[in-house]
Structure formats: structure tokens, C-alpha cells
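S.K.: Sharing a structure here in C-alpha cells format.
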Amino acid sequence: LSEETESGVVKIAAGAVVCVESDIRGDVTIGARTVVHPKARIIAEAGPIVIGEGNLIEEQALIINSYPENILPDAEDVEPKTMSIGINNVFEVGCVSQALKIGDNNVIESKAEVGRNVILSSGCIVGACCQVNTCEVIQENTVIYGSECLRRVQTERPQPQTLQLDFLMKILPNYHHLKKTVKGNSTPARS
Amino acid sequence: MATLLQPEKVLYLVRGEKKIRVPLSQLYFCRYCSELRSLECVSHEVDSHFCPSCLENMPSAEAKLKKNRCANCFDCPCCMHTLSTRATNIPAPLPDDPTKTTMKKAYYLACGFCRWTSRDVGMADKSVASGGWQEPENPHTQRINKLIEYYQQLAQREKLERDRKKLARRRPFMPQAFSQHTIHVVEKYGLGTRLQRQRSGAPISALYGLSLKEGEDQKEITIESAQALDEVEPLPEDYYTRPVNLPEVTTLRQRLLQPDFQPAGASQLHPRHKHLLMKRSLRCRKCEHNLSKPEFNPTSIKFKIQLVAVSYIPEVRIMSIPNLRHLKESQVLLTLTNPVENITHVSLYTCEEGDPDDINSTAKVLVPSKELVLAGKDAAAEYDELAEPQGFQDDPDVVAFRKSNKIGFFIKVIPQREEGDVTVAFKLRHDFRNLAAPIRPTEEGEATSEAIWLTHHVELSLGPLAT
């Protein structure tokens, strides 16, 4: 299998379950107890991506740290910005996330799109097929739902998907090969 | 290409009380009157009530008592989706031993779409899965009930007085059987229940059907008149300076769905029971036959009686339109489908000059002068691979193709206007065998039903002129 050259290394912490069929490129760090399904894509083009613990990244989800649209990749004055994702987030099937900063306990539902200038704090839920590409910080515990992206605030944050994560960490290794985890930080992870 | 198949492109004219132009798929056909009927010229009757989420049937009397709402299902006050019951385990002290705690199930309502939960408005979790949830009570219920009783009594009294006046005016030789009971049918605001129902759009009084029994002593109900207050509560001082908390403000739709309370804050939005939907049956106003009668069971989508127009009238559909140019003749390909099982003969006529139905056409049309023959619909034809050729002699200038019960034919269109959409109209005449006619027992060996010829006015909208 020939792959394109990686410009960075992928560091997968011990305890994370990352399937081989997932497409991870660039400088990506994945925390413990995170599950990355096959066909998920995490692409760090314009800077590194740091993913925390306990996240659930489902099939065909796309987490991409890409260049802003009006800047060419070859321009010199573009600093690589780190995309950081907190703990206990859920990226459901087919979502696209370009947000640079995502807090904890957020849920990005299926086929939702989160733009680059959005900052998700904690407990936010971006509903299915909703596109959020404003330039703002979304308040805690906000739910964005509906075809017109209406918003409301809920009183409690969504529960972390611990049951689902435990189940997947037991079942996925039975059916998929996993990428090698590292304890240190220098060896490249490719199985 | 698929836009040409949209039903709104081909409209059939219905000659009812009003002249309506509607696609054939939305029309009904009364085979006793042999006429097309639209939704506006039939009378709608309620068949049964059912809840759309739990599909529970409810007799009309019970539905009226529960104000047309389901007993088990709730609507999210925020997004109007159906609420589902979720369970959590909470530690609760055992009744015997207060020091030990055991896991008990607690139920709360949650919306899958907007993630609203019953805990958001402060409703406590219930220990039973269903039946524990109560709607908040309207503080004005008593006053409203009293007012309704008073006005019902007033309406009854007025009705009796009016009927007494009518009876006094009648000639003395009226039969004695014409007593007070029969007069009760005449309602306060109408000409009579039957006629009132037939007039479309007539309001039905809310007091209809409720009447005091004869002999019940007519209690005088008095009500206090509403008091007009001079003093109004002053606005809070920070009314103009306090910043608006947008997530807390309810939208108009959320507010008006709860007309009892109309809460302005989202933390007072309580869930309401789900509205029932109803199944309706349609009845032709002229001959009183049923045109559409659904099954009683809410889970079944079939009909007991389904006299829809597409199963009796040949349907015209547009297949392809060339570039249309002003005052230039172009050929448009149409298809004609035969819905019945016997051979149908169709002839097309252009509308005459000064036809009162022909108001929308913006182009001249030349239709084939020969009669088109359509084969019957054969349900088994799709499985029969060795289909025999049907043996119809088709003029290739007129008929483009023929496929089981469908033919494609050409019409010539000459747009008359330089701008705007091109609309053409023509008359479609076909033979219809009425299977509902009574069978005559004496004559045997004769054709079971006679064919009558029906003419329909069809309008096609062919889209804009090619630039």
C-alpha cells in the first residue's frame, strides 16, 4: 500500500482504539479511551490536531485543520494553528468539523458542519444537517437544531457516552486491525 | 426531465360550484354522476380519530371529551416533535431501611430532536413509565365552564322562542306529530343541519348538538360580569434596561400552541398531550354516494371505497418539450395512459373560439384528428415476456410509441405571445364503461354495460419560451 508522505507523526495514546481503515494524516495526537471508527478522516493540513480523551469519532466523520479559503498553502506568513479537541466529544457519522477549538462533552450530530471560526465550548449539540459557520463562541449547553438552525439552551450537558465507548473498545478489535499505540512520542504509528 | 412529470403541469377542469383546475391525481370521480369531483365540491365527514404516534383509535365521543388529544403521548413544547420516555437509575432509599440505597428507575420525557427534557421546566421524574404526567391546570377553567353553561342555556331558550314563533305562524292544519322534538333539529345559526353541512365554508356553531333534555328544570344560571379594572400592575423598573435573555424568550409559535397560558419564558413551557388526527370520508354532494372511505384501523392505509380519478380517466403527461419559439410550430410529445382494463378510445379536440373555459391558454394547439386507441391495462403484462404485438395500426406522424396501456403522441404548439409561459388547452373525449350501473336481469348475451362519452378540459403548462 503506497501512501502519500506524511508531514508529521500520528501519536496514539495507550488505550485508544483507532482502526486501520481510518485515514489520519499530518501531526495528530489522539488521547486515551478515544475510539476512531473505520473510514473516519482526521487530516491535519495547516497545523497539528490534538484530540483529548474519551472521544467518539464515527464513520465518515471528517476533522480537518485546513487552510482558510482565501490563503494559498504556499504563502509564507501563515502560522500553523493547532486544533484542539477536548474530552468526551462525539462526532457522529458523516459530520465535518473544522472548528479550531472544541471543548468537552459536545455532540456534533450526523452530517452537521462546523466551520473554522466557530468555537464550541462545553455541552453543545450541533443537530443533524445543521451548518454552523458563523464567527462566534457558542455558549455552553446550547442546542442547535432544525432546518433553520434554531437554538436553545438546555439545563444540563449531554451525558458522556461511556457505555458506548466501553462496548466499542471491546468489540472493534474483534473485527478490525488497530493502529499501533505509542507510549513515547517519537516512533511513527503505522501498523 | 423529471420536472416535466410533475403533476401540476397537466390540469383538468372540474365543473363544480366553482370551476377549479387541478391535477388529475388530486381529483375524485363520481361514477354515479359520471363527473369529476375535486375536494371543494365534496362534503368531508369525520370517520375516526387516532393518535399519530401511538396509533390508538378513539371513538368520537371520547375524543370530544379529551379535547381531541391523546392520553398517552406528549408533544415537545419547544419543537413540537413527539416526546419519548427515558429511564435513568437513581439511588433511592429503601422503604424498610433508610440508610441503604437501591437503584430505582426514574422516568423523564425527552425530545430526540431538540433535546428538550422534562427536567428543563422543573417537572420531577416520575416512577411510572406512563400515566404519571399531568398537564398543568388552567386557572380560568371554572369561570370558562360557567360562562359556557350560561350561554348554552341562553341559546336553548332563544331557539325555543324562535321555534314557538314559527309554529304559531303556521297554518292550523299542520299534523300534530310536528312537535317540539322535531324542531330541535333546526339550529340557531343555520338552515338545517344537512343543508348547513353541504354549504362549504359555513361555520358550525360550537353549541350544536348540546341540548337540554325536555322536562329538565331550567335552572337559572347567573354569571357575574367581568370587572374592568382601573389600576394596572406597573411595569418592573428595569423593564427597559434589563438585557434580553434570548434563549429564555419563547417564540410566538411555542407560545400560541398553549393558548391557556401563553408563557413568555421557556422555563414555563410544559408539554401538552398530542393532538389527534382524523380519517375523513368524502361524499359527492349531488348523489350522496361515498367517494372515499378509509379503513377504520389506523395502521391500515387502504380504502374501503376509493373512487379516485386516476383509476377511471385517461391521464395525459408531458414527455418532452422542444424549444418553443414565438409563432413557430413545434412538436410536443405527450403520453396518454389508460387506467381501465378494457380498450378505450380517446379523441382530442381543440377548444373553439370563445370557449368560456379556455382562459389561460397562450398558444395555439393542433391536436391529432384521428381517434387514439388505448389498450387495456393488463396487470400480468409485465410478467409476460412473450408479449404479443397488439395489432394496432398507428400513424407514425401521430403516435410516437406504444407500450401496453400507454401511447406517446405528438401535438403541435404555436406560441402566440412573445413572453411568458406557454399554456395550451384542449378537450379530451373518451368512452367510459360504467360498471356501477345496475345489471338488467332480462337481457342476456348483450354487452354488460354501455359506454358513455365523457369530455374533459385539459390544460398543459409547457414552460417558458426558449431564449
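The values are calculated or read from the model by the stated rules, or taken from the named source; none is laboratory data. Since the structure is predicted, the reported quantities are computational estimates derived from the model, not experimental observations. Neighbour counts run over all protein chains shown; Cβ positions are idealised from the backbone, glycine included.
S.K.: Got a number for residues in the stretch B:1-57 being closer than 16 Å to B:Cys287 by Cα and not hydrophobic (A, V, I, L, M, F, W, C)?
M.R.: The qualifying residues number 14.
S.K.: Say whether the condition of being of a type in the set (Phe, Trp, Tyr) and modelled with pLDDT under 85 is met by at least one residue in the stretch B:339-352.
M.R.: No, the stretch B:339-352 contains no residue that is of a type in the set (Phe, Trp, Tyr) and modelled with pLDDT under 85.
S.K.: Something else: What's the number of the condition B:Ser292 fails, among (1) in a loop (DSSP other than H, G, I, E, B); (2) closer than 23 Å to B:Glu45 by Cα; (3) small (Gly, Ala, Ser)?
M.R.: Only one criterion is unmet by B:Ser292, namely (1).
S.K.: Out of (1) at pLDDT below 85; (2) at the interface with chain B (Cβ under 10 Å from one of its Cβ atoms); (3) surrounded by 19 or more Cβ atoms within 10 Å (Cβ to Cβ), what's the single condition that is false for A:Gln161?
M.R.: Among (1) at pLDDT below 85; (2) at the interface with chain B (Cβ under 10 Å from one of its Cβ atoms); (3) surrounded by 19 or more Cβ atoms within 10 Å (Cβ to Cβ), the lone unmet condition for A:Gln161 is (2).
S.K.: Working only within the stretch B:236-293, note down all residues that are of a type in the set (D, E, K, R) and farther than 25 Å from B:Phe74 by Cα.
M.R.: Residues satisfying the conditions are B:Glu237, B:Asp238, B:Arg242, B:Arg283, B:Arg285, B:Lys286, B:Glu288, B:Lys293.
S.K.: Looking at B:Glu8, B:Glu17, can you tell me which residue is touching a Lys or Arg at 6+ places or on another chain (Cβ under 9 Å), surrounded by fewer than 16 Cβ atoms within 10 Å (Cβ to Cβ) and of a type outside the set (S, T, N, Q)?
M.R.: That would be B:Glu17, the only listed residue that is touching a Lys or Arg at 6+ places or on another chain (Cβ under 9 Å), surrounded by fewer than 16 Cβ atoms within 10 Å (Cβ to Cβ) and of a type outside the set (S, T, N, Q).
S.K.: Working carefully through the options B:Asn72, B:Asn89, find the one that is surrounded by fewer than 17 Cβ atoms within 10 Å (Cβ to Cβ), outside any loop (DSSP other than H, G, I, E, B), within 14 Å of another protein chain (Cβ to nearest Cβ) and not hydroxyl-bearing (Ser, Thr, Tyr).
M.R.: Within the list B:Asn72, B:Asn89, the selection yields B:Asn89.
S.K.: For the list (1) over 28 Å from B:Glu45 (Cβ atoms); (2) not in a loop (DSSP other than H, G, I, E, B), I need the number of the one condition that B:Pro356 fails.
M.R.: (2)
S.K.: Another question about this same structure. Going by the conditions given, is B:Lys146 in contact (Cβ under 8 Å) with a residue 60 or more places away in the chain, outside any strand (DSSP E or B) and more than 32 Å from the chain's Cα centre (by Cα)?
M.R.: So B:Lys146 passes the test.
S.K.: Go through (1) away from chain A (no Cβ under 14 Å); (2) closer than 23 Å to B:Ile144 by Cβ; (3) surrounded by 10 or more Cβ atoms within 10 Å (Cβ to Cβ); (4) modelled with pLDDT of 85 or more for B:Pro259 and report which single condition fails.
M.R.: Checking B:Pro259 against (1) away from chain A (no Cβ under 14 Å); (2) closer than 23 Å to B:Ile144 by Cβ; (3) surrounded by 10 or more Cβ atoms within 10 Å (Cβ to Cβ); (4) modelled with pLDDT of 85 or more, the one that fails is (3).
S.K.: Return the only residue of B:Leu307, B:Leu282 being at pLDDT 85 or above, surrounded by 13 or more Cβ atoms within 10 Å (Cβ to Cβ), under 24 Å from B:Ala63 (Cβ atoms) and within 18 Å of the chain's Cα centre (by Cα).
M.R.: Exactly one residue qualifies, and that residue is B:Leu282.
S.K.: For the stretch A:141-150, which positions are more than 7 Å from every other protein chain (Cβ to nearest Cβ) and either surrounded by 20 or more Cβ atoms within 10 Å (Cβ to Cβ) or not in a loop (DSSP other than H, G, I, E, B) (or both)?
M.R.: Hits for the stretch A:141-150 are A:Asn141, A:Thr142, A:Ile144, A:Leu150.
S.K.: Could you list, in sequence order, all residues of the stretch A:40-62 that are under 14 Å from A:Ala13 (Cβ atoms) and either in contact with a Lys or Arg (Cβ under 7 Å, 6 or more places away or on another chain) or assigned to a loop (DSSP other than H, G, I, E, B) (or both)?
M.R.: A:Gly52, A:Glu53, A:Gly54, A:Asn55, listed by residue number.
S.K.: I want to confirm something. Restricting to the stretch A:105-140 and keeping residues that are closer than 17 Å to B:Arg115 by Cα and of a type in the set (Val, Ile, Thr), which single residue is farthest from the other protein chains (Cβ to nearest Cβ)?
M.R.: The selected residue is A:Ile108.
S.K.: Could you please give the count of residues in the stretch B:262-279 that are buried (at least 16 other Cβ atoms within 10 Å of the Cβ), free of Cβ contacts under 8 Å to residues at least 40 places away in the same chain and either farther than 15 Å from B:Asn138 by Cβ or within 13 Å of another protein chain (Cβ to nearest Cβ) (or both)?
M.R.: 0
S.K.: While we're here: Within the stretch A:179-187, does at least one residue satisfy the condition of being closer than 25 Å to A:Asn65 by Cβ, within 14 Å of chain B (Cβ to nearest Cβ) and crowded, with 19+ Cβ neighbours inside 10 Å?
M.R.: no
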